[in-house]
Structures are given as C-alpha cells and as structure tokens.
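Asks: Let me begin by handing over the structure; questions about it come next.
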Amino acid sequence: MRVRSAVVRVTAAVLAAGCLTACAEGAPAAAPDPAATAAADSAAADAAASATAGRAASAGTGPGTSAASARTKNSGAPSDTGGQPSVQDDRRPAAGGHPCSPSVSLDRYSDALDKTTYQGTFVGNLSALTRDTDGSLAALSDRSVLLGLDGRSHRPVRADKLTDEQGAVLDAEGLAVEPGGSYLVSSEGEPAVRRYDRSHRLLGRLPLPGPLRVEPAGRAQANQTFEGLTLTPGGATLTAAMEGQLTADGKDTAARPLLRFQTWQRQSGGSRTVPYRLSKQYAYPVDPGLAVSEIAALPDGRLLVLERGFTAGVGNTVRLYLADPRRAGDVSRVIELPAGKNVRPARKKLLADLGACPSLGAPAHQPQANPLLDNIEGMAITGHAPGGRLRLLLVSDDNESPKQITRLYSLTVRPGGR
C-alpha cells in the first residue's frame, strides 16, 4: 500500500555477535566471540519464548506515536546491473539456523537486490512473492511490475508491466499462480482481483462482494483492502486478506480488530476466462496496532499470516502466525462484526515475533529496535525440510526510499500439527 501507519510495540532486538559468512554484501565478517554468540543466542531464545507466551502480551500493547512510511523517490539513481546483480549464494545453509522461536529459525538474509535495476526496470517496491510453475519466483511490485527471480540465486530474469482494463497501472499488492500458469493479481485501490495469462494479457476480474469495495461504494477504507493473496496447493481455493477493517466492524473479546478474508472456489469445465465463484468469507483477529501484509496457504487449509506495523522512531514489528480458518463461521452476510457468539473467527497461533531473530549484523537505514527488520510484505513457501518443516522466503518493500531496504529473508518454519 502507499502509506503505512500502525502503532505497535516492538520486541527488543537481539543482536548476533557476528555476520553470516555470506551477508548482505557478500563479505565475511570477523569471527564472532564464542561467549558473545552464546549470550546472543540465549537472549534470542528468551525473547522468542516470551513472544510465544500468548496473546495477552500483544493484546495489551498500548498505542504510541505512529508515522506513515510514505513512498519517496530515491535521490541516488539505482545501479543497472544488466540482470546480473551481485547476489550472495543463498544455497549455503547456516549450520543449525539461527533461532527466532521454537518454531522458526532464520537461515540467512540478502540485500543484494536493494536499489538495483533489471534491463531498466527498478527492482523494488516488492509487495508479493510466490513460486511460479517454471521453478522461478514471481515477485510483484506495487508499481504494477511482475518480476521473475531465479529460483536458486534470486537474480532477476524477467520484468513485465501489468495494466487494468483501460491500460492503467495497478496498485498491485497480492499475487498467486494457478497450476496452469495464469497469474492472479490483487489491486488494493479498487479493490479487484484480476487474472492474466502467461503473456500478461488480461483475461478478466473475479466477482467481488459489494461491502469490500472502497467507500462510498462499499465499507472498505482506502489503501486497506486486498493486501494478501494465496491459492491452496492444487488451486481449488483462492483467499484474499483485507489489510484493514471495514467501517463499523469491531473487535473480539481480546480487543483484537476483526478483519475479513474473502475466498473463491475454482469451477472446473467450460471456457470461462475467470473460473471462480464467490465462496466463504471469515473473520481474522489481527493484533492491535498491526495489519495483515501477506498470507500463504498450506495443503491442509491452514494459512501462514504475516502481521506488520511501523512506529516512527522505533521501527517495524513483524509477526508470523499460523491461522486455522477451517471451522470459522461464514460472515458474508454479517453487516457488523463481531455480531455475537455465533460468529467464529479463524483461530491463530504465534509462530514467531521476527524482532526476536538475531540480527546477523544486518544494517538499517532508519531506527529499528532490531536492524534486521524492514517493511516485510511478501512471503512464499519455497520448499520442504526434514521433520515437516517448511522453507520460507520473505521480502521487504523498500517503497523506493533511501530509508528502506529491499531485503530477502530465508526462514525454516515448523508449523506443527494439523
């Protein structure tokens, strides 16, 4: 979205004693002191355990002074790498990872894409990330650019413009790829979900409930609509996450604002250019002061959910949740949430507060309690690891600002039982 303003408590940073062998610039750091490393790891575990203790701590967060993370043009021209930016080798796993919580470890980060270009296209403003059918990663810029990244090196390999029915650019925020290769793209300004073929030709747009339209046509707030988008493996169910509340919607009993997630079911057969029908809508309880920035579907119907906020002078808060909407009530016809005990929101479990991850020597261009963090908006499940764990790749949206960074984060996540 174009402006970020959320009032949050930021978890105290845990600073690692040294950098990974392959850090953001690819240069090895001096060997860390063993005692300092042990102390940092212990502090990270303590902070993660504290963050996982329950919702009570996050629900009790009081408001502070928030500031918009507005887009500004970078005064320095980004370098044109001709498609070959200096990217660290993300294939080398960190031994044992770096724990952020009992469920999440940070493997590495990379700033190699920051303030670069590919064939004249700026590589930044990235708001969504997902696996493509050819093994690459599809990354979506909210300036209406669809980028392809090599699946292993994460180097840009293609860049294409997307437009609406009138040829205008999109405020593109969410991205999903169908098993057949077509792209589904959510635009936050209207909102809308459009479908494109592999040549990026517009095929049509999905049906949308009236209340989810921006006021006065509906009850959604400007720049607070479809921020996250995901397809279940196999492509049967599409889910779009509203970033903010509809007007008149309230909070649950734990004082958490209730957001709406909209789903569509794919219809088989026929020659439909948009083979989806409206389906269930359910409520999701977001932490006070935060907003949903991305979602990723698991095969069993659960979702990974990124919640993110920003406080001026303090920095970003980013939390990763596991949400279970399978028994949530359908709120499609509910005018005002929570609407009593009959409305069952999706249940969620905190996997990690990413502020508790070791910083690995990461730089920050603005105040951050943990300099590792930035405006994280994109998330893709990139593979599987032993023990039922998932490989996860996150990306931050730099808003084309010299104060922010396009940063990739490689995580290993253990979602837990079904």
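The values are calculated or read from the model by the stated rules, or taken from the named source; none is laboratory data. Worth saying up front: this structure is predicted, and the values here are computed from it rather than measured. We place every Cβ from the backbone using ideal geometry, glycine too, and count neighbours over all the protein chains shown. We work out accessible area using only protein heavy atoms, side chains counted, and drop any ligands, DNA or RNA first. Shrake-Rupley method; radii C 1.70, N 1.55, O 1.52, S 1.80 Å.
Asks: Determine the sum of side-chain charges near Leu390: Lys and Arg each +1, Asp and Glu each -1, restricted to other residues whose C-beta is under 13 angstrom from that of Leu390. If you can, show how the numbers build up before the last one.
Replies: Working: positive: Arg131, Arg302, Arg389, Arg391, Arg414; negative: Asp107, Asp300.
Taking every other residue near Leu390 into account, the sum is +3.
Asks: In debye, nearest 20: dipole of the range 275-406 around its Cα centre with unit charges on the Cβ of K, R (+) and D, E (-)?
Replies: Numbers: 16 positive and 13 negative charges, 164 e Å.
Using only the charged Cβ atoms, the result is roughly 780 debye.
Asks: Still on this structure: For the range 363-380, what does the Karplus curve 6.51 cos²θ - 1.76 cosθ + 1.60, with θ = phi - 60°, yield as ³J(HN,Hα) per residue in whole Hz, taken in order and with x for Gly and Pro?
Replies: x, 9, 9, 8, x, 9, 4, 10, x, 5, 7, 8, 7, 6, 10, x, 8, 9
Asks: How far is it, in nm, from the label point at Thr133 to the one at Arg272 when both lie 7 Å from their Cα along the line to the Cβ?
Replies: So the label points at Thr133 and Arg272 sit 1.8 nm apart.
Asks: Excluding ligands, DNA and RNA, what is the solvent-accessible area per residue of the range 233-276 at a probe of 1.4 Å, expressed in Å²? Write down the numbers at each step before the final one.
Replies: Numbers: 1690 Å² over 44 residues.
For the range 233-276, the per-residue accessible area is 39 Å².
Asks: Quick one: with all protein chains in place, what share of the accessible area of the range 273-318 is carbon or sulfur, to the nearest percent (1.4 Å probe)? Before the final figure, lay out the partial values.
Replies: On the way: 550 of 930 Å².
The value for the range 273-318 is 58 percent carbon and sulfur by accessible area.
Asks: Could you work out the relative contact order of the range 208-325, using alpha carbon pairs under 8 angstrom and six or more residues apart, expressed as a whole percent? Walk me through the intermediate numbers first.
Replies: Details: 252 pairs, mean separation 22.5, N = 118.
It rounds to 19 percent for the range 208-325.
Asks: Quick one: go through the range 243-271 and flag any residue whose amide nitrogen is under 14 Å from the point 7 Å out along the Cα-to-Cβ line of Glu215.
Replies: Residues 244-250 fall inside that zone.
Asks: May I pose another question? Here are some pairs, Lys280/Lys348; Lys349/Lys403; Lys280/Lys349; Lys348/Lys403; Lys161/Lys403; which of them have Cα atoms lying more than 29 Å apart in this structure?
Replies: Details: Lys280/Lys348 18 Å; Lys349/Lys403 32 Å; Lys280/Lys349 22 Å; Lys348/Lys403 32 Å; Lys161/Lys403 26 Å.
Violating the 29 Å limit, Cα to Cα: Lys349/Lys403; Lys348/Lys403.
Asks: Explain nothing, just the number: dipole magnitude of the range 302-368 about its Cα centre with +1 on each Lys and Arg Cβ and -1 on each Asp and Glu Cβ, in debye rounded to the nearest 20.
Replies: Numbers: 11 positive and 5 negative charges, 84 e Å.
Dipole about the Cα centre, nearest 20: 400 debye.
Asks: Express in whole angstrom the spacing between the alpha-carbon centres of the range 98-132 and the range 350-391.
Replies: Spelled out, the Cα-based centre of one part sits 10 Å from the other.
Asks: Take Thr382 and Thr253, extend 7 Å from each Cα along the Cα→Cβ direction, and tell me the distance between the two endpoints in nm.
Replies: My value for the distance between the label points is 4.2 nm.
Asks: Now for a different question. Roughly how many debye, to the nearest 20, is the charge dipole of the range 248-349 about its Cα centre, given +1 on each Lys and Arg Cβ, -1 on each Asp and Glu Cβ, and no other charges? Let's see the in-between values first.
Replies: Details: 18 positive and 9 negative charges, 73 e Å.
So the dipole magnitude of the range 248-349 works out to roughly 340 debye.
Asks: Further, regarding this structure: How do 183-190, 167-174 rank on mean C-beta neighbours within 10 Å, highest first? Write down the numbers at each step before the final one.
Replies: Working: 183-190: 23.5, 167-174: 20.2.
Averaged packing, sorted descending, gives the order 183-190, 167-174.
Asks: Within the range 115-186, what whole-number % of the accessible surface is contributed by carbon and sulfur, with the 1.4 Å probe and all protein chains included in the calculation? Walk me through the intermediate numbers first.
Replies: Numbers: 1000 of 2250 Å².
Within the range 115-186, the accessible surface is 44 percent carbon and sulfur.
Asks: What whole-number value in Å² describes the accessible area per residue of the range 293-418 for a 1.4 Å probe? Mind dumping the intermediate values first?
Replies: Values: 4370 Å² over 126 residues.
Per-residue value: 35 Å².
Asks: Positive end of the charge dipole of the range 289-418 (Lys, Arg +1 and Asp, Glu -1 on Cβ, about the Cα centre): tell me which of Ser359, Ser332, Met379 has its Cα farthest that way.
Replies: Ranked along the dipole, the leading option is Ser332.
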